[in-house]
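Shown next, in structure tokens, is the structure this report addresses.
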Amino acid sequence: MKEKHIRKPWEKFGFTDVVIYVLLATITFVTLFPFWNSIILSFNDGKDAQVGGIYFWPRKFTLANYEQVFENTEIWMVFFISTMRTIIGTTSSLFVTSLFAYAASKPYLKFRKFYMILLLISMYFSGGMIPTFLVIKDLNLLNSFWVYVIPWMFNAFYAQIFISFFRGIPGSLIESAKMDGATEWTIYFKMILPLSKPVLAAVALFTAVNHWNAWNDNLLYVKKDHLNTLSFLFVKMIKAQEYLENAAASTGIAELGRLSQVSSTSLQLATMMVAIIPIICIYPFVQKHFTSGIMIGSIKG
């Protein structure tokens, strides 16, 4: 009796499988290499990095870039401001945007078409920098922490994502809850929000990243140092480093000590690494819901 040949693991792969895996490996490398290279350059001597030729490991290892970042006395205060801004801003934005979307997803809402037209217009047109500044000034939000929160409370694009998700919730669930005496608020908090974890996680991550990285509103609306955000402080540090480099180049005086190991590019990479660490730490906790909620807007209409 002829023995049955047992295929070895590598014999199961055909030419097409090899091409697919090679393509996936290439895409993975192209995606991750810039991030890895940024980490490497942030730990390398800034002046040496300007020569080039650094790809996978630091040529002249140094912590000077990170030392300059953390030696700034403002960093802990601005870190607190950015953290509070991200937490309060994300929470309020989720509440306001999802609440509007829940109401707008109901066909019996009065003037619903008018609200949807306004929503669509606001997605493509903004008021402009000067009108926005005047509105914020009239609301007494200048030099206030709430200028980081209130203008961000509603997002038209995220509202569309919420509306698409809420339309997919069976109406029979809501009708049965109403028959049991539940109010709209009870339905929203005890039924709709628990069912909306995927879309809430996806929108929360996007909103939190936007809050954490924002610095233009700090530049335009806040002139008090104790209300500066982390991103704005990093921009100031990078601009200051560029000024020092330009001054040293114009006067012919070489920078001394640790500053000679830091360039504006290496400092920028170090600040970027410090800024993204909190987001990287948060992502694993929302990944489960994020991966299922990210496709909601594309598969539901």
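Data for the structure
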item	result
Approximate spin-label separation residue 59-residue 20, in nm, with each point projected 7 Å along Cα-to-Cβ	4.2 nm
DSSP-loop trypsin sites (Lys or Arg not before Pro) across segment 47-116, with at most 12 other Cβ within 10 angstrom	110
Three-way shape label, segment 42-125, alpha-carbon gyration tensor, a/c 1.5	prolate
For a label point 7 Å along the Cα-to-beta-carbon line of residue 137, residues of segment 187-225 with backbone N under 20 Å	216-225
Residues with amide H under 5 Å from that of residue 44, placed H, sequence gap 5 or more	62
Total formal charge among the other residues, if their Cβ is under 15 angstrom from that of residue 271, Lys/Arg +1 and Asp/Glu -1	-2
Highest-first arrangement of 181-193, 199-211, where packing means the average Cβ count within 10 Å	199-211, 181-193
Net lengthening on full extension, residue 157/residue 184 (0.36 nm per residue, minus Cα-Cα)	7.3 nm
Cβ-based net charge around residue 44, under 12 Å, with every Lys or Arg adding one and every Asp or Glu removing one	+1
Out-of-range pairs (alpha-carbon distance over 22 Å; input 137/224; 106/197; 113/178; 110/197; 106/178)	113/178; 110/197
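We did not get these values from a lab; they are worked out from the coordinates using the rules stated. Just so it is clear, the model here is predicted, and its values are computed rather than measured. Positions of Cβ are backbone-derived with ideal geometry, glycine not excepted, and every protein chain shown enters the neighbour counts.
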